[in-house]
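Structure first, then comments.
The values are calculated or read from the model by the stated rules, or taken from the named source; none is laboratory data. Everything numeric in this text was worked out from a predicted model, so none of it was measured. Cβ coordinates were reconstructed from backbone atoms using ideal geometry, including for glycine residues, and neighbour counts include every protein chain displayed. For the accessible areas, the whole protein counts, side chains as well, though only heavy atoms, and no ligand, DNA or RNA atoms are used. Shrake-Rupley method; radii C 1.70, N 1.55, O 1.52, S 1.80 Å.
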Amino acid sequence: MKPSIRSLKPIFKINHFSSQTPTLHDAGPMASLLKTRSVVRFRGPDTIKFLQGLLTNDVRRFGEPVGDEKSSLVTPNVPASSARSLYAAMLTPQGRFLYDMFLYEPPRTNEKLDTSGSGPGPDPDEVVLLADVDCSVLDELVETLKKYRLRSKVDIENVGEEFSCWQRFGVDLQKRAPLPPSVEDPAAASVGWGGAIDPTGSSSSQGNSIGWQWHKDPRLDCLGFRGIFPSNVTPPMVEANTETEEENYLVWRLERGVAEGSIEIPKGEAIPLEYNLAGLNAISFDKGCYVGQELIARSHHRGVIRKRLLPLKFLNESGTEVEQKVAPGSEVIASKSGKKAGTVTTAIGSRGLGLIRLEEAFKGSGNLVIKGQEDVKVDPIRPEWWPAQWSSEHEPYQAAG
């Protein structure tokens, strides 16, 4: 039976940590191979039109000029073409979450030198997008996409054997100045592809001969950089002492209140705005129609979201963090009234995520406990990236900003 909610024990294998219960506040930069993610390739002249009618974000951004954003790249002649990464979701017709995906536009062959170094490669007009998707629903996702394809001229392929998904994260990356959404990792962009042909530098920065790169995570700056790379190469700037288990990335993400995939964001149940997908740049409110749009638009314009996904800490009565005491699905209640305040959706060590009513979340320390384990206190944390109005949406007459 497939699990509905993630529960993992953290594994730390890199040399940044020495304690038995490590934290990630001062660690980094790190890189993780995301074994829970896979890759789907869309190819064909109708690719953008097809995805535009299915996904919550505006896929037309691919192919549009980025304009002044080119100036943020370290290497001045890196082509300014389109938004190179985008986060989006696919919904049920009733507006419930189904799947999330990170879309990437691979380097266009006419923008990079061919293998001889003498000129553009072939097929400059081919439309190709790669999607970083949750591997636990990969086959189902591909089947669903093909059902919607009808007569659209787009090929949909599982290329998970050819490509792998990676994440670079950590305190050093988090402290960098904010970057425009289309910008590639400057540390990679600064090597190769300069004024002269530099095959060695190209290999170092891009990972292989056709220009694969790290991209700013399209959700939040604090999440670092993300990318799809050929499975037979190690991505640039990934060294033995910086590669770490995917569970460490999970902890980093949970501490910032970000869920990912169809397990942490329950498939067919989750309301996208309650899981903060608007704040994670996954939703365009002016793109036009897509499957499930009506509920999203109605909830957004009504202006009040009474429950939201929050990062949680689990504590004992003396305020010390407790490990492995809370299971996903545990009910969170108000300690005084005993009324349900929410549910733990993800748990790992002393950390987790929970869908919590905002009117109960910020009443003060010790207000929330786990039902049936009243000695375990739940401490919700307001993420730094949250807009100010989100904390007060439970108040009467709160309007959308």
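Worth pointing out:
- Candidate set from segment 95-128 (those that are part of a loop (DSSP other than H, G, I, E, B) and under 23 Å from the mean Cα position of the chain (by Cα)); member that is modelled with the lowest pLDDT: 107
- Neighbours by Cβ (under 9 Å, 6+ apart or cross-chain): first from segment 350-363, in contact (Cβ under 8 Å) with a residue 60 or more places away in the chain and surrounded by fewer than 24 Cβ atoms within 10 Å (Cβ to Cβ); second charged (D, E, K, R) and part of a loop (DSSP other than H, G, I, E, B): 350/323; 350/325; 355/274
- Residues that are in contact (Cβ under 8 Å) with a residue 60 or more places away in the chain and more than 14 Å from residue 274 (Cβ to Cβ) were ranked within segment 293-302; the one that is surrounded by the most Cβ atoms within 10 Å (Cβ to Cβ) is 293.
- Residue that is within 20 Å of residue 379 (Cβ to Cβ), open to solvent by less than 10 Å² (accessible area, probe 1.4 Å) and at pLDDT 95 or above, where the choices are 310, 280: 310
- Tally of residues being among the basic types (Lys, Arg) and surrounded by fewer than 13 Cβ atoms within 10 Å (Cβ to Cβ) across segment 314-349: 2
- Segment 129-166 - residue that is closer than 18 Å to residue 105 by Cα and among the aliphatic types (A, V, I, L, M) and, of those, nearest to the chain's Cα centre (by Cα): 133
- Long-range neighbours under 9 Å by Cβ, at least six apart or interchain, first residue crowded, with 19+ Cβ neighbours inside 10 Å within segment 48-63, second aromatic (Phe, Trp, Tyr) and in a helix (DSSP H, G or I): 50/148; 54/148; 59/50
- Number of the condition not met by residue 211 [criteria: (1) closer than 20 Å to residue 244 by Cβ; (2) small (Gly, Ala, Ser); (3) at pLDDT 55 or above]: (1)
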